[in-house]
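A short write-up of the structure that comes next.
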Amino acid sequence: MNGFSLINSRVTLKDGINQLDINGDGIVDLVIGSRFENNTSHPNNTMTIFIKNQQGKYYIVPVPNDLGFTWSDFILSASTVKISDYSLYKKKSGYFIISANKVTGGQYGDDMADALPVKFIRYDMSPYQDSPGVPPYSWEYTSAYTSTERYLDIDEAFKHFSIERLK
């Protein structure tokens, strides 16, 4: 990944350490791209983000909704159907994350192996917080939309993803 990314362009991480200014403060942060062997036929691709502050300390950035500290895709066991994923995007000053998940229930049905609508959610880095018990850096919900089209796989849905609907 070079420093000349286009605005709102999807970032491809390399395995291992990626040095990017995630929060746009002019200090290079660490993004770790890795794989997690989950004892199924498909390991998960993961991303963990550490923000470096002006004093040189690193802070791990939690995933929204108390889902831990590592972003991860998910492929159904004994299948090639990806039902959730995330992607990092470059913006004018820093980066944002898009998560994508198949929508089930009600009119859509409950079988994740079926073609289903996909909900895309944008998260931007929240401003630095210096409060006891609160992570200094976190992802903040910005906007979301659910596709009208149905997709078997999240990779296919990302090919038709419209960034303009999440600004």
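Structure notes:
- When segment 157-167 is filtered for residues that are surrounded by fewer than 16 Cβ atoms within 10 Å (Cβ to Cβ) and modelled with pLDDT of 90 or more, the ones remaining, listed by number, are Lys159, His160.
- Checking Gly56 against (1) more than 22 Å from Pro135 (Cα to Cα); (2) at pLDDT 75 or above; (3) assigned to a loop (DSSP other than H, G, I, E, B); (4) not aliphatic (A, V, I, L, M), the condition it does not meet: (1)
- Top-ranked residue of segment 82-113 - restricted to ones that are assigned to a loop (DSSP other than H, G, I, E, B), more than 15 Å from Asp153 (Cβ to Cβ) and among the small types (Gly, Ala, Ser), ranked as nearest to the chain's Cα centre (by Cα): Ser93
- Exactly one residue among Gly105, Gly109 is on the phi > 0 side of the Ramachandran plot and either basic (Lys, Arg) or surrounded by 12 or more Cβ atoms within 10 Å (Cβ to Cβ) (or both), and that residue is Gly109.
- Some residue of segment 60-70 being among the hydroxyl-bearing types (Ser, Thr, Tyr) and either outside any strand (DSSP E or B) or more than 23 Å from Leu166 (Cβ to Cβ) (or both): no
- On the stretch given as segment 55-85, residues that are of a type in the set (A, V, I, L, M) and free of Cβ contacts under 8 Å to residues at least 12 places away in the same chain total 1.
- If you check Ser79, Ser34 for being part of a strand (DSSP E or B), of a type in the set (Ser, Thr, Tyr) and over 13 Å from the mean Cα position of the chain (by Cα), only one passes: Ser34.
- Which listed residue is surrounded by 16 or more Cβ atoms within 10 Å (Cβ to Cβ), at pLDDT 95 or above, of a type in the set (A, V, I, L, M, F, W, C) and in contact with a Pro (Cβ under 9 Å, 6 or more places away or on another chain), from Ile22, Ile51: Ile51
- Segment 130-149, subset exposed (fewer than 15 other Cβ atoms within 10 Å of the Cβ) and part of a loop (DSSP other than H, G, I, E, B), residue modelled with the lowest pLDDT: Asp130
The values are calculated or read from the model by the stated rules, or taken from the named source; none is laboratory data. This one's a predicted model, so the numbers in the text were calculated from it and none came from an experiment. Cβ: placed from backbone, ideal geometry, glycine included. Neighbour counts: every protein chain shown.
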